[in-house]
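Report on the following structure.
The values are calculated or read from the model by the stated rules, or taken from the named source; none is laboratory data. Bear in mind that the values here come from a model prediction, so they are computed numbers and not experimental data. Ideal geometry is used to build each Cβ from the backbone, glycine not excepted, and the neighbour counts take in all protein chains shown. Just the protein is used for accessible areas: all its heavy atoms, side chains included, with ligands, DNA and RNA removed. Shrake-Rupley method; radii C 1.70, N 1.55, O 1.52, S 1.80 Å.
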Amino acid sequence: MPSFPLLSRRRFLGAAGAIGAAAAFAGPGVAQAAGSDVRPIGWQNLGTYPGADAAGKRVKAILAGSSRYLIGPWYAGTYTRYLPDGYIDLKGTDERAVRLPAMAAVATATALITRTYDERTLSSANATIRTRNLIRTLAARHRANNTDTATRWGGDWQTALWAYYAALAGWLLWDELDATERDHLAAMLVWEADRLTTGNDIYLVGTSGYQLYMTRTDGTVVSPGDSKAEEDNWSAAALSLAAVMMPDHPNAARWTRRNVELLLAAAACPADLTSDETINGIQLSSWLQGTNIADDGTLQNHARLHPLYMVAFDQSLYQGFVFGLANQAAPRAALHNIDRTYAALVDKPFPLPDGGTSPIYRANSAEIYYPEGNDWGTHFPFYFGNFDLLVTLTGQDTGIHPAAAKWERLHNENQLALMSRFTDGRTYGASAENTYYGREHRIGAMAGQAYLTLFLARNTTGNRLRWR
């Protein structure tokens, strides 16, 4: 297999003057950015990864099927026209309109650049055009580049994650973007990263304050039943990507520091509040102002102990590949307390209705036990298989039995069984299986990032998942 990049390397040259356009809409205190600030991925130094190992084959099949569905039937049924300005119609500015195409772009961009893409439905050339359409439209519609309040997005509690997805897809397909699109992408990511860089108890989202912790150090529960772990680590994701993509930007040091802070806040437990441990220059007991998980590794969301949000620490572990793509070591803060949470999934017994006990991971089974129920549906094997894989690749299952590799196989084989029910690459059938309207897109985004993690861990030049 040849070295990356593996696409056509054709360029779509657009209109000049995008740097000024991007800068014109920057918010107060937000730094300007342009495509020239971005350091492209040096694929030639990263070796290759054929995905021939057992875990690689499973994830490769999941990514190939999911991306084929998303850029094929889903795209064709969702985007039926271009608007007069040449962008596709996103049909809104909310999560459904923005996050879903951003996740689809991550899946397909990864499949294309790694030659994992399945051409049975749509050629790679046409899939590249469609993926570029998603990326360029998402970036152009961000408020850093768009003054139209009816069509712009950005600056809300979840939009840092949407920007992360769109920017990651664009960075993977950098050679396919023209100068205008590159400028828009950089401006979008910088705008979202810059607004996240202040505050220990709260930081601003739009015009309101956003809490970093569920519980403060004095025991005050700020958001009952609602851990802020997931929000903190998706905000950290945007900061990490900005710092890696634009290492020479004037704000890169601020993004790097804030990334570590939010990673530690996301996984903070009560024991950390009296710990003298220093991670990436931050002493836990001195800096933390609250907690988001229990000392046993569990957490609450949707007013229950929620295993699906325990495995949402996948977003922290993805930082291994983000930094690895730039041939850098990721901050060790991304690993903090992952072993606690994984042990709670595998080893901690919870009471059963019949009077017995069971861990969340049922013995020798892909079945998941939800001790307080699951309000999202019934079928989530890849959510857990993806996390199992990341835990395996980052060595966070030491002393935990069975090891994460066993669970990865069970869960991801179950995921492939779900996909085998359909011919177009999708995972889900009945709505009750997963009630989230972005359920297929979530599978694709996870598969893309899991495969990139495998690529960095098992490529021909050696393990590039490094931690500092």
Given the candidates L241, G399, A265, the one whose Cα lies deepest towards the positive end of the charge dipole of the chain, counting +1 at each Lys or Arg C-beta and -1 at each Asp or Glu C-beta, is L241
Lys and Arg at +1, Asp and Glu at -1: neighbours of D248 with Cβ under 12 Å from its Cβ sum to 0
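Accessible area per residue, 1.4 Å probe, Å², for the chain: what's the number? Spell out each step's value before the answer.
Numbers: 16400 Å² over 468 residues.
Accessible area per residue: 35 Å².
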Tell me, what HN-Hα J-couplings in whole Hz come from the Karplus equation 6.51 cos²θ - 1.76 cosθ + 1.60 at θ = phi - 60° for each residue of segment 165-182, using x for Gly and Pro? 4, 4, 5, 4, 4, x, 5, 5, 9, 3, 5, 8, 9, 8, 4, 4, 5, 5
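Could you order peptides 92-105, 276-289 by the average number of other Cβ atoms within 10 Å of their residues, highest first? Could the numbers behind the result be given before it?
Details: 92-105: 22.6, 276-289: 14.7.
Result, highest mean first: 92-105, 276-289.
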Accessible area of segment 187-289 belonging to carbon and sulfur atoms, whole % at 1.4 Å probe: 51 percent
Using the structure shown, select from K60/K406; K228/K348; K348/K406; K57/K228 the pairs with a Cα to Cα distance greater than 26 angstrom. K57/K228
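Could you tally the net charge around L393, taking each other residue with its Cβ under 13 Å from the Cβ of L393, Lys/Arg +1 and Asp/Glu -1?
Values: positive: R458, R464, R466; negative: D53, D314, D388, D397, E408.
Within the 13 Å Cβ shell, the charges total -2.
Quick one: putting +1 on the C-beta of Lys and Arg, -1 on the C-beta of Asp and Glu, what dipole do you get for segment 133-207 around its Cα centre, in Debye to the nearest 20?
Details: 6 positive and 10 negative charges, 35 e Å.
With only Lys, Arg, Asp and Glu charged at Cβ, the dipole is about 160 debye.
Take peptides 399-409, 442-452, 108-118 and line them up by average Cβ neighbours within 10 Å, highest first, as a rough protection proxy.
Top to bottom by mean Cβ count within 10 Å: 442-452, 108-118, 399-409.
Calculate, in nm to one decimal, what D347 and A52 gain on full extension: separation in residues at 0.36 nm each, minus their alpha carbon distance.
Values: separation 295, 0.36 × 295 = 106.20 nm, distance 3.06 nm.
My answer for the length gained is 103.1 nm.
Counting alpha carbon pairs within less than 8 Å and at least 6 residues apart, what relative contact order, in whole percent, applies to the chain? Walk me through the intermediate numbers first.
Details: 896 pairs, mean separation 92.0, N = 468.
Relative contact order of the chain: 20 percent.
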Centre separation in Å (Cα based) which lies between segment 228-286 and segment 112-171: 26 Å
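What is the packing order of peptides 135-144, 214-223, taking the mean over residues of other C-beta atoms within 10 Å and listing the highest first?
Numbers: 135-144: 27.0, 214-223: 14.1.
Per-residue mean Cβ counts within 10 Å order the peptides as 135-144, 214-223.
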Set the Förster distance to 22 Å, then compute FRET efficiency between T398 and N374 from the Cβ-Cβ distance, nearest 0.05. 0.15
Spin-label zone in segment 89-118 - amide nitrogen under 16 Å from a point set 7 Å from the Cα of F422 along the C-beta vector: 100-101, 103-105, 107-108, 118
The chain: calculated mean residue ellipticity at 222 nm from DSSP helix runs of at least 4, using -39500 (n - 2.57): -13500 deg cm²/dmol
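How much of the accessible area of segment 327-419, in percent, comes from carbon and sulfur atoms when a 1.4 Å probe is used?
Details: 1860 of 3550 Å².
Within segment 327-419, the accessible surface is 52 percent carbon and sulfur.
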